[in-house]
Amino acid sequence: MSNKNLPEIFETFTDARKKGFLTMKEEKDKGRNVVGSFCTYTPKEVIYAADAISVSLCSTNEETIPEAEKYLPKNLCPLIKSSYGFAITDKCPYMYFSDLIVGETTCDGKKKMYELLGEIKNTHVMQLPHSKNEYALELWKNEISELIKRLEKEFNIKITEEKLRDSIKLFNEERRAIKELYELGKLNPSPIRGSEMHEALHSSNYKFNRIAYINEIKQLVKSIKETYLQSEQKESDKNKPRILITGCPTGGLVDKVIRQIEEVGGSVVCFESCLGSKNFEMLVDEDKDPIEAIAEKYINIPCSVMSPNDGRMDVIKKYIEEYNIDGVIEVTLTACHTYAVETEKVRRTVEECGKSYLNIETNYSNSDAPQLRTRLEAFIEML
């Protein structure tokens, strides 16, 4: 399916981050509070129950890394360096507009960076447990309660149980809508490119009217299905190797990895990542105590920071079957130790399913783009 056949509504997702700057200023002028975050573990339900806006902070560009390296080790994850770099240079409008930044101790690098960040920005750090037993759940419930107290104090509001329940229902509806879009990748050929899917999913971080965003996603799904049914599918598109991307966050790597896969003949149909399934695969239980339900949902995110992390292997096996995957490409950011160590288990899982596996270690620089293209081309050709 060619790009020109996609519905016009899709274009609204491409510039969401840039347009979000203006929207956020308008909201700030109205007196709305803004909470910046970095990670999927940050419970958006709590932030919106505080009548605040949640926004994903800039951390996917090499522009500010040289400035960050004046204070941070050079052999540190580029995402962490980029995050701190944007904070100290004030080059991220979302960082600038944030009344509070919520971090979480997903890794040692982030944990120590937050100490420095706290010296220049109003920062609240959630102590994320790295296992999934009953004690960890109690700890995480307490951390969510502490976040509620901090938001109430900062913004002089009261987060009621009713507000939490309303927020849970809103984000569950959003997750259902996103999952419907995501599952279009099960069709063969996929009616939407992986790079386009990435844009639509990534834009959720910069759409501050959640109901409007949900409606946009639903309209997009409806339009794509209608166009798909009316168009003739080329046999060559059906024969493209179907790729699952897993690993580190892929923001900042769309051109270098995802689009290059598509340019050399692959079809990215599935993301097992923070942007993809980790965000929407599990809903928050609407019948339980809201704090407990939110804690259960977020602590069950199968990120590599969890140990053991068998849930991620189960999801990969499930997606290989459901999306008829031919090959799995794992993207690891330089010096991201938890994902780097876990590549061995991912490789075994993929090969046990009889599929091909490729690991890419990279950063936000484009210097290795030609080399990556050669490797991706060889991998796709092998499939």
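The values are calculated or read from the model by the stated rules, or taken from the named source; none is laboratory data. What you are looking at is a predicted structure, and each value in this text was computed from that prediction instead of being measured. Note: ideal-geometry Cβ built from the backbone for every residue, glycine included; neighbour counts use all protein chains shown. Surface accessibility is based on the protein's heavy atoms, side chains included, excluding ligands, DNA and RNA. Shrake-Rupley method; radii C 1.70, N 1.55, O 1.52, S 1.80 Å.
Being closer than 29 Å to Leu333 by Cα, modelled with pLDDT under 90 and in contact with a helix residue (DSSP H, G or I) (Cβ under 9 Å, 6 or more places away or on another chain): is that true of Leu275 here?
So Leu275 fits the description; yes.
Do you know which residues across region 345-380 are acidic (Asp, Glu) and open to solvent by less than 70 Å² (accessible area, probe 1.4 Å)?
Correct list: Asp368 only.
Filter region 316-360 down to residues that are touching a helix residue (DSSP H, G or I) at 6+ places or on another chain (Cβ under 7 Å) and within 23 Å of Lys110 (Cβ to Cβ), then give me how many there are.
The total comes to 9.
For region 252-284: of the residues being of a type in the set (Val, Ile, Thr) and not in a helix (DSSP H, G or I), which is most open to solvent (accessible area, probe 1.4 Å)?
The first filter runs over region 252-284 and keeps only residues of a type in the set (Val, Ile, Thr), leaving 254, 257-258, 261, 264, 268-269, 284.
Among the residues that remain, those that are also not in a helix (DSSP H, G or I) are: 264, 268-269, 284.
Details: Val264: 28, Val268: 3, Val269: 7, Val284: 5 Å².
Only one residue tops the list, namely Val264.
Hey, among Ile243, Ile224, which residue is surrounded by 18 or more Cβ atoms within 10 Å (Cβ to Cβ), farther than 28 Å from Cys336 by Cα and touching a residue at least 12 places away in the same chain (Cβ under 8 Å)? Steps first, answer last, please.
On the way: Ile243 fails: farther than 28 Å from Cys336 by Cα.
Being surrounded by 18 or more Cβ atoms within 10 Å (Cβ to Cβ), farther than 28 Å from Cys336 by Cα and touching a residue at least 12 places away in the same chain (Cβ under 8 Å) holds for just one of Ile243, Ile224, which is Ile224.
Of the residues in region 154-164, how many are in contact with a helix residue (DSSP H, G or I) (Cβ under 8 Å, 6 or more places away or on another chain) and open to solvent by 70 Å² or more (accessible area, probe 1.4 Å)?
Residues that pass the stated criteria total 3.
If you take the residues of region 290-304 that are of a type in the set (A, V, I, L, M, F, W, C) and farther than 16 Å from Leu275 by Cα, which of them is most open to solvent (accessible area, probe 1.4 Å)?
Within region 290-304, the subset of a type in the set (A, V, I, L, M, F, W, C) is 291, 293-295, 299, 301, 303.
Among the residues that remain, those that are also farther than 16 Å from Leu275 by Cα are: 291, 293-295, 299.
On the way: Ile291: 40, Ala293: 2, Ile294: 1, Ala295: 0, Ile299: 7 Å².
Out of the qualifying residues, it is Ile291.
Let's see how each residue does on (1) open to solvent by less than 60 Å² (accessible area, probe 1.4 Å); (2) in contact with a helix residue (DSSP H, G or I) (Cβ under 7 Å, 6 or more places away or on another chain); (3) in contact (Cβ under 8 Å) with a residue 24 or more places away in the chain; (4) polar (S, T, N, Q):
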| residue | (1), (2), (3), (4) |
| --- | --- |
| Ser98 | yes, no, yes, yes |
| Cys107 | yes, yes, yes, no |
| Trp140 | yes, yes, yes, no |
| Glu152 | yes, no, yes, no |
| Leu170 | yes, yes, yes, no |
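Every residue, every condition in (1) out of contact with any His (no Cβ under 6 Å at 6 or more places or on another chain); (2) open to solvent by 50 Å² or more (accessible area, probe 1.4 Å); (3) at pLDDT 90 or above; (4) not hydroxyl-bearing (Ser, Thr, Tyr), yes or no:
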{"position": "Glu11", "(1), (2), (3), (4)": "yes, yes, no, yes"}
{"position": "Thr14", "(1), (2), (3), (4)": "yes, yes, no, no"}
{"position": "Gly31", "(1), (2), (3), (4)": "yes, yes, yes, yes"}
{"position": "Ile47", "(1), (2), (3), (4)": "yes, no, yes, yes"}
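Which of the residues that make up region 323-342 are closer than 18 Å to Cys270 by Cα and open to solvent by less than 50 Å² (accessible area, probe 1.4 Å)?
If the condition is that a residue be closer than 18 Å to Cys270 by Cα and open to solvent by less than 50 Å² (accessible area, probe 1.4 Å), then Tyr323, Ile325, Gly327, Val328, Ile329, Glu330, Val331, Thr332 are the ones that fit.
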